[in-house]
1. I'm trying to understand the selection: among the residues of region A:1-46, which are within 14 Å of chain B (Cβ to nearest Cβ) and either outside any loop (DSSP other than H, G, I, E, B) or closer than 28 Å to A:Met477 by Cβ (or both)?
2. State all residues of region B:528-543 that are assigned to a helix (DSSP H, G or I) and either surrounded by fewer than 20 Cβ atoms within 10 Å (Cβ to Cβ) or more than 7 Å from every other protein chain (Cβ to nearest Cβ) (or both); if no residue qualifies, say none.
3. Can you find a residue that is at the interface with chain B (Cβ under 8 Å from one of its Cβ atoms) and of a type in the set (Asp, Glu) anywhere in region A:499-512?
4. Where in region B:120-188 are the helices (runs of 4 or more DSSP H), entirely inside, with at least 1 residues that are buried (at least 24 other Cβ atoms within 10 Å of the Cβ) and away from chain A (no Cβ under 14 Å)?
5. Regarding B:Ser341, is this residue touching a Ser or Thr at 6+ places or on another chain (Cβ under 7 Å) and exposed (fewer than 13 other Cβ atoms within 10 Å of the Cβ)?
6. Of all the residues that make up region A:513-527, how many are away from chain B (no Cβ under 14 Å) and out of contact with any strand residue (DSSP E or B) (no Cβ under 9 Å at 6 or more places or on another chain)?
7. Test of understanding: among A:Phe243, A:Phe214, which residue is within 13 Å of chain B (Cβ to nearest Cβ), in contact (Cβ under 8 Å) with a residue 12 or more places away in the chain and of a type in the set (A, V, I, L, M, F, W, C)?
2 protein chains.
Amino acid sequence: MVKSALQIARAAYQPKVPAALKGPVKAVDGEATQSVANQEEIKSLFPNTYGMPVITFEQSNETVEFPAMNVGVILSGGQAPGGHNVIAGLFDGIKAHNPASRLYGFILGPGGLVDHKYMELTADIIDEYRNTGGFDMIGSGRTKLEKKEQFDKGLEILKELGIKALVIIGGDDSNTNACVLAEYYKAIGAGVQVIGCPKTIDGDLKNEQIETSFGFDTACKVYSEVIGNIQRDCNSAQKYWHFIKLMGRSASHIALECALQTQPNICIVSEEVEAKDMSLDDIVTYIANIVAKRAAEGHNFGTVLIPEGLIEFVPAMKRLIAELNDFLAKNDAEFKMIKKSEQRAYIISKLSKENSDLYASLPEGVARQLSLDRDPHGNVQVSLIETEKLLSEMVGKKLAVWKEEGKYNGKFAPQHHFFGYEGRCAAPSNYDADYCYSLGYTASCLIAAGKTGYMSSVRNTTAPADQWIAGGIPVTMMMNMERRHGEMKPVIQKALVKLDGAPFKEFAAHREEWAMNTCYVYPGPIQYFGPTEVCDQPTKTLQLEQKK
Amino acid sequence: MVKSALQIARAAYQPKVPAALKGPVKAVDGEATQSVANQEEIKSLFPNTYGMPVITFEQSNETVEFPAMNVGVILSGGQAPGGHNVIAGLFDGIKAHNPASRLYGFILGPGGLVDHKYMELTADIIDEYRNTGGFDMIGSGRTKLEKKEQFDKGLEILKELGIKALVIIGGDDSNTNACVLAEYYKAIGAGVQVIGCPKTIDGDLKNEQIETSFGFDTACKVYSEVIGNIQRDCNSAQKYWHFIKLMGRSASHIALECALQTQPNICIVSEEVEAKDMSLDDIVTYIANIVAKRAAEGHNFGTVLIPEGLIEFVPAMKRLIAELNDFLAKNDAEFKMIKKSEQRAYIISKLSKENSDLYASLPEGVARQLSLDRDPHGNVQVSLIETEKLLSEMVGKKLAVWKEEGKYNGKFAPQHHFFGYEGRCAAPSNYDADYCYSLGYTASCLIAAGKTGYMSSVRNTTAPADQWIAGGIPVTMMMNMERRHGEMKPVIQKALVKLDGAPFKEFAAHREEWAMNTCYVYPGPIQYFGPTEVCDQPTKTLQLEQKK
């Protein structure tokens, strides 16, 4: 295998860990916990794993002998930088407890457990992947572990391999399912513990107990690097407006963090759009106003950050999409008979007034996507909409009207970018490398302490790693009941951008200045070897959230 | 101005320079030179600047006193990482010759000279921009300096500011024009020297004397970083084919260099397509074959690198575009009367058989772009064609046919990317920071030596910087006569990818292995502070070209 010079040099990096994890640890129990809401329902659904205490690991003077433990590990869902380091930390952790311990990786996600596809992860393999990005060591997948048959099928192979604990690395859904699995295995006395690890680059798995999900730091830094490069180009050429869409379907943490790192002229935050009940036209007018004001100062250039999930946060668009889904489902046969060139007029004639007007205002390409590109259930595929082009096209039209009215006299030339895959598998930053390794190592301590239904937790991460606090949080503690696919289910609350939180407030306090003046910051590429202020800083989001 | 931690740390970097530039230098003349071709014509066009010797700067024991020199500098054309370092090297160079020397920057490109827009570049300003990307210190522009009136208008401000030499930082065209300007100023005894510097991230300004143009190294490393990240994702998810288009209209150096750095499954090289007279269908079949072969092994994923200029290298497409341009120009009025939905059929009915068939085979969106998106001269705007989507759509169609014929039984889900602006303004790599600073410093030595019509040259750059060779190359030496816009003109030969050159041969020797086996390399982000093998390597292209 050919490796780059950086791959080779980076393999030798020793992740920094909390002081407590450097020797024997003892588990210190906190008080009994409650779920964040719906306590009674959650308790009844998780009789065996509800109410457990928060656990903190502290240094111990006593060396305890642990029996060898066989452990399984699963990567679930989308890639996030640092997954391999979780596994490396877990490996080193179980070996430190007892060198005869073994680690098994289930292949291509939760499906590997059900289908009995696995490999033993030996020291050779682990060493190949230390501090690398991607999930390619064992692969990942999106199979959801939800059904009793899956749990029982999985248990067969766990028994066969003598596995006493399973670590599931995933987002909010995967950790919810991990807890359901923990509860089930405990209820039937299967003798298999289940521990979760908080992963998602979207940053929407966080709460009082989990400061951040891993991968968010690295991904935001990669996106900010290229946004910074684009901004430098923008400011050098002074002739384009760059519309940059950023990953993040269900929350705008990435766009907000990148805005804090790079100070663009405009950043749209979906949560604000929803809270203010902004229409698509409101957003377009907001952008066009800034374009026009900058043009009046002779600045016909700028940058706009757009979260991927924006469309689904615009209340009026949500209503349009709902009616469209409903209408097209009911009138599928008739719709298919309509000539392509007449479909748009047909839909406009059939929708309710509000939705019809909105549909008519959309550019042709987007209107076509909304009516044609439906998924197997007949639903509009919102994710296919190129929001960055939609917005720039509508802004261009509005500016053209203003020009005719004499209200605007500039040039508007847009460029488009979308960053998602560019950052999901980057080699983890020092922060993520340290954080992930510590999460994995902590998971091994939770296993050794006999815990199940816990999420591995490392806190106080804006301080030097020495002072980080390792422990475990009962997953039920983060749960509430939510409607999913028409059914009430216990789930981990998704963390959206809080409009009264410090990161958004920081952004809101500066955005007018950033809009008019060109205040671009150029973060540059992630550095692994330089001075600590360059290499070891956590995200602005986390720094602001943790600021006392 | 808010600066990122990296911006602050990087400002302190001291570029490495050739040993000869560390103290007093002497200019050593080589033999008289000839242009690469058309010697008689070039000589008659450049009577005052033809045939001059190649110059090498060597260490001197003698300290010479130089009078203060006022110097002007211009950034011409597209941004490339390192432009600011050329200016910093030039500044330090003229100050080293005499601290009373002054440097003036002309604003927003060559237009600044003609319009008398300039600023004095003082130490404060220079220090703000050391080792930064972008051209925002003085801006750049695309005005071409070609006409006597421009030269005369420029001379007014040069005289007014007492400028004795002008440094023009640009690509092949800008350097050609710099030489025309040098010749003119010498012919009229204007007393202004003109020196060029080789810039272009496309890498197509290089020859026997100029090893590489600056910016190519950094830009390719940024693109390779994100390509590597995408490949790691590709190999982790194992479900997408990523079609990645890379900057480079007139040559495929960037795509080839990125392929050598990242080892993708497929890389198309425009120069090969042209040499082998490949049709669009040949390219599509080539890609589809690899997709199908990988699918047969169970690998429904992969990566394809595509140079931006590909379409214009496909001989059949060139013929189609030529006929379309011609036909639409002649039948503009009639064409505009045709209903949108019938335009395609109309064009198909009117073109010659070969071109009509090709046009009919194109996906609808591309066909529409070809007929509708014409520039002010009525020409098809080839640059607007989304080649990455065109290819993936055609590959998808071919695979669908093969599936029906039972020849293919895989899944084909494409993703698309285009990288251009992401790399043009990155902070220069150590290589580009050193190379650019040395080029700028060398320019100051050429000025001090009284030279004009020279390009600043730094060679032997695969060796440690100490051993680099600084000097000057007469621009006329790189010229030949070429037809441009219907007229024969003296121009610097553009360097295309040589199919018998070492970089392409290295790629060709490995591409079959890379296609079938997954051999991805992950270069990671540019490092500025780490071990030298990580931070200081020149491009693979240069290393292979210089290998003895």
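1. A:Ala5, A:Leu6, A:Gln7, A:Ile8, A:Ala9, A:Arg10, A:Ala11, listed by residue number.
2. B:Thr532, B:Glu533, B:Cys535, B:Lys540, B:Thr541, B:Leu542, B:Gln543
3. Checked against the condition, which is being at the interface with chain B (Cβ under 8 Å from one of its Cβ atoms) and of a type in the set (Asp, Glu), region A:499-512 yields no hits at all.
4. It comes to B:148-160, B:172-187.
5. So B:Ser341 passes the test.
6. Of the residues in region A:513-527, 1 are away from chain B (no Cβ under 14 Å) and out of contact with any strand residue (DSSP E or B) (no Cβ under 9 Å at 6 or more places or on another chain).
7. A:Phe243
Yes or no, residue by residue, for (1) surrounded by fewer than 19 Cβ atoms within 10 Å (Cβ to Cβ); (2) under 19 Å from A:Ala509 (Cα atoms):
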site	(1), (2)
A:Ala237	no, no
A:Phe243	no, no
A:Glu257	no, yes
A:Leu260	no, yes
A:Ile266	no, yes
A:Glu274	yes, no
A:Asp277	yes, no
A:Lys336	yes, no
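The values are calculated or read from the model by the stated rules, or taken from the named source; none is laboratory data. In this text the structure is predicted, and so the values were computed from the model without any measurement. Heads up, the Cβs are rebuilt from the backbone with ideal geometry, glycines too, and the neighbour counts pull from every protein chain shown. All accessible areas refer to the heavy atoms of the entire protein, side chains included, with ligands and DNA or RNA removed. Shrake-Rupley method; radii C 1.70, N 1.55, O 1.52, S 1.80 Å.
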